[in-house]
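Read through the structure below, which is laid out as structure tokens, and then see the notes.
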Amino acid sequence: MAIEVGSVVEGKVTKITNFGAFVELDEEKSGLVHISEVANEYVNDIGDFLHEGDVVKAKVVSIDPNGKVALSIKRLKPPSQEDKPRATKPKQNKRLSASFEDKLSKFLKDSDERLTDLKRKTDSKRGGRGSRRSD
């Protein structure tokens, strides 16, 4: 079967990198599953989901003019299906699964607190309330 955009292919993971996994396909071709295309959730370490030698099914996302094949594993799964890392690492706390708005709100609050503390410390070194020291 020819490799075409939109088709589902099966292959063996031959190499894991920090940006994705290379998958050997039939017809002596290989493709790349980018780290963002591995799972429906945020993937910090691809080794939590894939290992060399794994046989995976993936969807062909694109083929560039040079023949490079881009693959996606997550596009074969329904969005509601929960991906679970295969490695035995401690569970992530619930704070990491918060929405973007929650994370942004927390960041802004922490940032304001740090700026206030910094300003307080800087003012006390200058003599307080922005006054200058006389030498």
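Any read-out appearing in this document is the output of simple, stated calculations on the displayed coordinates, not a laboratory observation. Because the structure is predicted, anything quoted here is derived from the model rather than measured.
Of the three principal axes defined by the Cα atoms of the range 8-76, the extents in descending order read 29, 21, 20 Å. Using a cut-off of 27 Å between Cα atoms, the listed pairs 74/103; 15/68; 15/57; 12/68; 59/103; 15/103 include 59/103; 15/103 as exceeding that distance.
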